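The values are calculated or read from the model by the stated rules, or taken from the named source; none is laboratory data. If you're wondering where the values come from, they're calculated on a predicted model, not measured in any experiment. Note: ideal-geometry Cβ built from the backbone for every residue, glycine included; neighbour counts use all protein chains shown.
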C-alpha cells in the first residue's frame, strides 16, 4: 500500500512542477467561467427554475464545472495519453516486469494528480466566481465534506473510464480516435455543457444513468444539497457502483491485454 | 528427475518464441505467417558469470531478455532463472532480478531522481537500512550525488543511464539484465558504466547478462560471449575464439604525408590494403593480431602522419562466420 501512496504523492508533485501550465489553466477556467456564467444568466432570466435550479444554483453549477474540469478529467488530460504512448512505444514492458499492479499503479497516480488539480485548478476559479456572482455555497461543513467524497468517487469513475480508453491502444494502432470519442461523451454526459437535469424525457433519464454523470452532475447536486438524508447514500451508491463495475471491467481487459502482449509480443 | 547443472543459474533448454504476424495483402485480406524470433536456444549461465549476448538488429536478443524477465512466454522449451519459471511467477522473480533497457527508462521523467529511488524502495519492499546503504553505494560509485535532486528530464543520456542502473540495483538483484546499456553514450560515460559493472560483478558476484552492439563492451567486460542471429545461437565461447571463428578483421586507417601507391608489407602477408583515398589508406588485418608491430613497420617504411584502429563490428563478424561456414 505504501508503494501506491508514493506513486500518488509523486504524481501530485509532478503536476505541481508545471507552474506555468497551472497558471494558464486557472486563467482559462476563469475566463470560461465568466462566459458560461453570463450565458446561464441570460438563460435563467428567460426560464427561471430551469432544470430545478434557481439562478444562484445555476451559477454555482457553472463555477463548480470549471473548478472540477481537470480534477475529474471531463475533457481528458489525465494519465491516459501517457499510458497510450507507453503502450504504443512498448515502454509498457518496463511497467509489466515490475512487482506492482498496473491498474492500481495508474489509479494511485491519477488520484495524486486529481488532488493537485483540485487545489491548483479548483480553488481560484471557485473563489473568483463566488466574488463576482451570488453563488449558493453550502453553509454546513458536513455538506462540504459530503461534496468532497462525491468528487473523490467521481475521480475514480473518471479514471476507470479513461483506463479502458487507454487499454484500447493494445488493439488499435492509434488510441487517439477512441480518446476523442471518450472526450466528447465525457463533455456531454458529465453535464459539463448543460446540467443533465435540463434534458427532457428518455434522453435525460439515460444521461443521468450513465457513468459520466458521476463526474460533475452528482457532485454538484451534493454540493447544492439536492440529496437530503438517505438520498445522499443512494447518490454515493450510484457513483461507487459505476466505479466498481468499471474498475472490474478494466481488470478483465487488462488481463486479456497483458496475456496478449505476453504471448504475442509488444 | 531433471538434468540440472548445479551451477546453472539461468537455464534455457530448446527455448522458442514464435510470433504470428498478420500482414495485409489487400482489401479485407490478410496473410498470417509465423516468425521464429527465437529458435531452439539452449544455454546455461552460472551464478556470478558475466556474459555478452550479441547479434544484429532483429536477431532475437530483446525477445530472449523479455522471456527471461517473464514479460514474454516462450512458445516452447524450458526456461528457468534462479529456479523460477519467469512467465509463471513474474512478480516473485522480479524481486530477484534487475533490468535496464538502454532505450527505455524506469525513472520518473518529471521528478527528481531521488523520487524514483523512493519508489523502488517501496516497490521492492527494501528494508530501510539496506535501501540507504545500497543507495549510498550506488550514488558514490556511479557519481550521482549532484544529480539526485535534478528532474530526470534534465539529465544527459549518460547520467540517465547511470540513474537507471542504480534504480535496477537498489533491491540487490542476483542477476542483472542489461539491454544495450551503452547505446548512444559518449566515450567517458561508456567507460564509467563499464567500470561500474565490472566492480559490481567482482565484488557482489551479481550475474550479468548484457546485450550490446558494441564489441568493446564485451571485450572489456565479458569472458564469455554468445552470438545470436535469426533466432539461433551461432556461437558460445570466449571472445578471442569468436574472432578466430569469424576471421574478423580490424582496420588500420593511416594518413600519410602524400598520396602514395597502396602500402605493401612483405613481412606481413595477412595485411591487405583495402582502400586508398588520397593520402589516406585503409588496411585490414586479423583482429586476433596486435596492431603495434604493424604500426611500427609502416612507420619505418612510410611517411606516417596519423593513424587510428577501427574495431570490427558485429555485423561484419557474423557475415564472416556465415562465409567461413560455407554459405549456410
### Task
Among what's in segment A:166-185 and is at pLDDT 90 or above and surrounded by 23 or more Cβ atoms within 10 Å (Cβ to Cβ), pick the residue that is farthest from the chain's Cα centre (by Cα).
A:167
### Summary
Filter segment A:71-82 for residues that are in contact (Cβ under 8 Å) with a residue 60 or more places away in the chain and not in a loop (DSSP other than H, G, I, E, B); the one that is surrounded by the fewest Cβ atoms within 10 Å (Cβ to Cβ) is A:81
### Summary
Every listed condition ((1) at positive phi; (2) within 17 Å of the chain's Cα centre (by Cα); (3) surrounded by 15 or more Cβ atoms within 10 Å (Cβ to Cβ)) holds for residue B:77 save (2)
### Within segment B:88-111, tally of residues that are more than 20 Å from residue B:217 (Cα to Cα), more than 7 Å from every other protein chain (Cβ to nearest Cβ) and in contact with a helix residue (DSSP H, G or I) (Cβ under 8 Å, 6 or more places away or on another chain)
5
### Query
Are any of the residues in segment B:44-60 buried (at least 22 other Cβ atoms within 10 Å of the Cβ) and within 12 Å of chain A (Cβ to nearest Cβ)?
yes
### Task
Kindly indicate whether any position in segment A:32-51 is within 13 Å of chain B (Cβ to nearest Cβ), surrounded by fewer than 13 Cβ atoms within 10 Å (Cβ to Cβ) and touching a helix residue (DSSP H, G or I) at 6+ places or on another chain (Cβ under 9 Å).
no
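Name the one entry in A:68, A:59 that is buried (at least 21 other Cβ atoms within 10 Å of the Cβ), within 18 Å of the chain's Cα centre (by Cα) and modelled with pLDDT of 95 or more. Reasoning before the result, please.
Details: A:59 fails: within 18 Å of the chain's Cα centre (by Cα).
After applying the criteria, what remains is A:68.
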### Task
Just give me the residues in segment B:66-87 being part of a loop (DSSP other than H, G, I, E, B) and within 11 Å of another protein chain (Cβ to nearest Cβ), in sequence order.
B:70, B:71, B:72, B:73, B:74, B:75, B:86, B:87
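Are any residues in segment A:218-237 crowded, with 16+ Cβ neighbours inside 10 Å and part of a helix (DSSP H, G or I), and if so, which ones?
Narrowing segment A:218-237 to residues crowded, with 16+ Cβ neighbours inside 10 Å: A:218-227, A:232, A:235-236.
Hits for segment A:218-237 are A:218, A:219, A:220, A:221, A:222, A:223, A:232, A:235, A:236.
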### Residues that are within 14 Å of another protein chain (Cβ to nearest Cβ) and out of contact with any helix residue (DSSP H, G or I) (no Cβ under 6 Å at 6 or more places or on another chain), drawn from segment B:119-148
B:124, B:125, B:126, B:127, B:128
### Message
Only one of A:16, A:21 is within 14 Å of another protein chain (Cβ to nearest Cβ), over 22 Å from residue A:217 (Cα atoms) and in contact (Cβ under 8 Å) with a residue 40 or more places away in the chain. Can you tell me which?
### Response
A:16
### Query
What is the residue count in segment A:246-266 for residues that are without any contact (Cβ under 8 Å) to a residue 12 or more places away in the chain and more than 14 Å from every other protein chain (Cβ to nearest Cβ)?
3
### Failed criterion for residue A:85 (all others in (1) buried (at least 22 other Cβ atoms within 10 Å of the Cβ); (2) without any contact (Cβ under 8 Å) to a residue 40 or more places away in the chain hold)
(1)
